[in-house]
1. Would you kindly calculate the translational diffusion coefficient of the chain, applying Stokes-Einstein with the Kirkwood radius from alpha carbon pairs, for 37 °C and a viscosity of 0.692 mPa s, and quote it in µm² s⁻¹ without decimals?
2. In nanometres, what is the gap between the two model label sites at Thr127 and Ala60, each 7 Å from Cα along Cα-to-Cβ?
3. So what's the angle, to the nearest 10 degrees on a 0 to 90 scale, between helix 99-129 and the longest Cα principal axis of the chain?
4. How high is the FRET efficiency between Phe100 and Asp47 when r is their beta carbon distance and R₀ equals 35 Å, given to the nearest 0.05?
5. Give the order of Leu115, Leu75 when sorted by the count of other beta carbons within 10 angstrom, beginning with the fewest.
6. Add -39500 (n - 2.57) for each DSSP H run of 4 or more in the chain, then divide by its residues: what number comes out at 222 nm, to the nearest 500 deg cm²/dmol?
7. Which trypsin sites (Lys or Arg not before Pro) does region 41-130 hold that lie in a coil by DSSP with at most 16 other beta carbons within 10 Å?
8. Where the centroid of each part is defined by its Cα atoms, how far is region 60-82 from region 91-130 in Å?
Amino acid sequence: MPTVTIHPTGEVIFLDPEETVLSGLYKAGYAYTVGCRRGGCGICKVDCREGTFVYNRPIADSVISDEERTDGTCLSCRAVPEGDITIEMRDGDVRLVNKFLRDINERARQRAEALARAQADLASATTSKE
Ligand code: FES
């Protein structure tokens, strides 16, 4: 389950596999500057500070320049993280617009962390028996 950490607030958003950054933000109750939601206007750009992502559809050079394709610019409505990533908004911060959805995301985070701890404990117990 890939995560998106928002710098500098530290909010962590959980994404489904193949889910875009922007979709994950909205699913977790946050809103960000958005236009076409189809990779055509460029208004949803954020900066990817850590991690990598791919685009789920081709993006026109008029929306993302060659330089932006290598400098961490992330078109959030089309970017699908390849693992955990950290992003920073360009136009102010994300806005929490639905606390209920954020709470659901928080419970998903807690379940994922508990699962990771259980898997680490199991791996440790298996290793110590060998
Ligand atoms: S909202 Fe238009 S490119 Fe993302």
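1. For these conditions, the coefficient is 210 µm²/s.
2. If labels sit at Thr127 and Ala60, their model points lie 5.2 nm apart.
3. Compared with the principal axis, the helix lies near 40 degrees.
4. Calculated transfer efficiency: 0.75.
5. Leu115, Leu75
6. -10000 deg cm²/dmol
7. Arg69, Arg90
8. Region 60-82 and region 91-130 have Cα centres spaced 28 Å from each other.
FYI, it's all coordinate maths here, none of it is from the lab. As the structure is a prediction and not an experimental result, all values here were calculated from the model. Cβ sites come from the backbone with ideal geometry, for glycine too, and all protein chains shown count toward neighbours.
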